[in-house]
1. So which pairs qualify, if the first residue must be in region 15-36 and modelled with pLDDT of 85 or more and surrounded by 12 or more Cβ atoms within 10 Å (Cβ to Cβ), the second must be among the basic types (Lys, Arg) and not in a helix (DSSP H, G or I), the Cβ gap must be under 7 Å, and the two must be at least 6 apart or on different chains?
2. Within region 20-69, can you find the residues that are under 30 Å from residue 2 (Cβ atoms) and in a helix (DSSP H, G or I)?
3. Say we look at region 8-20 and pick out the residues that are of a type in the set (A, V, I, L, M, F, W, C) and more than 20 Å from the chain's Cα centre (by Cα); which of these is nearest to residue 37 (Cα to Cα)?
4. Return yes when residue 45 is more than 25 Å from residue 10 (Cα to Cα), without any contact (Cβ under 8 Å) to a residue 40 or more places away in the chain, surrounded by 10 or more Cβ atoms within 10 Å (Cβ to Cβ) and not hydrophobic (A, V, I, L, M, F, W, C) and no when it is not.
Amino acid sequence: RALAEALKAGRIGGACLDVFEQEPPVGSPILECPNTVLTPHIGASTEEAQREAAIIIAEKIRRMVEGGV
């Protein structure tokens, strides 16, 4: 609520939030602020991060198939 009030009053120019302690409920004041960007915990979901994750997973599967850990 304090962040939404500061945004609406212009004390803070804008906010980008990717992680919430608790997801804002429908009707939350932060959802009404036009100077915010809210994402569902996907800030690190870039093409590079997805590619690196795929490589790591493939390597782990290869090791498992070959009898390793």
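The values are calculated or read from the model by the stated rules, or taken from the named source; none is laboratory data. These numbers come from a predicted model, not from an experiment. Note: ideal-geometry Cβ built from the backbone for every residue, glycine included; neighbour counts use all protein chains shown.
1. From region 15-36, the pairs are 29/1.
2. 29, 30, 31, 32 - these are the residues of region 20-69 that are under 30 Å from residue 2 (Cβ atoms) and in a helix (DSSP H, G or I).
3. Among those residues, the one meeting the criterion is 12.
4. yes
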